[in-house]
1. Once R0 is set to 35 Å, what does the formula 1/(1 + (r/R0)^6) return for the Cβ-Cβ distance between Ser29 and Ala73, expressed as a FRET efficiency to the nearest 0.05?
2. I'd like to know which of Gly51, Leu24, Ser67 lies farthest towards the positive end of the charge dipole of the chain, counting +1 on Cβ of Lys and Arg and -1 on Cβ of Asp and Glu.
3. Determine the equivalent ellipsoid of the chain by diagonalising the alpha-carbon gyration tensor, then write out the semi-axes as square roots of 5 times the eigenvalues, largest first, rounded to whole Å.
4. On a 0 to 90 degree scale, rounded to 10, what angle separates helix 62-86 from the longest Cα axis of the chain?
5. Ordered by packing density, taken as the mean number of other Cβ atoms within 10 Å over each peptide's residues, highest first, how do 43-56, 12-25 rank?
6. Calculate how steeply helix 18-34 sits against the longest principal axis of the alpha-carbon atoms of the chain, using the helix alpha-carbon long axis, and give the answer as 0 to 90 degrees to the nearest 10.
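Values quoted throughout were computed directly from the atomic coordinates according to the rules given, and no laboratory measurement underlies them. Note that the coordinates shown come from a computational prediction; the quantities given were computed from them, not determined experimentally. Using ideal geometry, Cβ is built from the backbone for each residue, glycine included, and neighbour counts are taken over all protein chains shown.
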Amino acid sequence: MSQELLNELISKSEKLNVEEKLQLMRYLSNNLQINDNSTPKRRRKWREIQGKATYPLVGEDAQEWVSRTRQEATENREQIIRNNYQS
């Protein structure tokens, strides 16, 4: 579609009332869903990207992160329990 045709359609659509604009939107939306012939993105295999990220990715070893977050969760639970018994 040319840019001229698109501009013409836009200017014509501005003259429509609200109900007509909604009808046009429904038509375009349904038509877009029905005619979506775009090729889906090819799924990558993990082996293709294996080793692409630097280690450690965010500056922390994965096992250290798991241990730290578990410890923090335990401390938070204990704090909540202490607060419930103190109240």
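1. On the way: r = 44 Å, r/R0 = 1.26.
E(calc), rounded to 0.05, equals 0.20.
2. Working it through, the farthest residue towards the positive pole turns out to be Gly51.
3. Details: eigenvalues 589, 160, 32 Å².
Value: 54, 28, 13 Å, ordered largest first.
4. Once rounded, the angle reads 80 degrees.
5. The peptides rank, most packed first, as 12-25, 43-56.
6. 70
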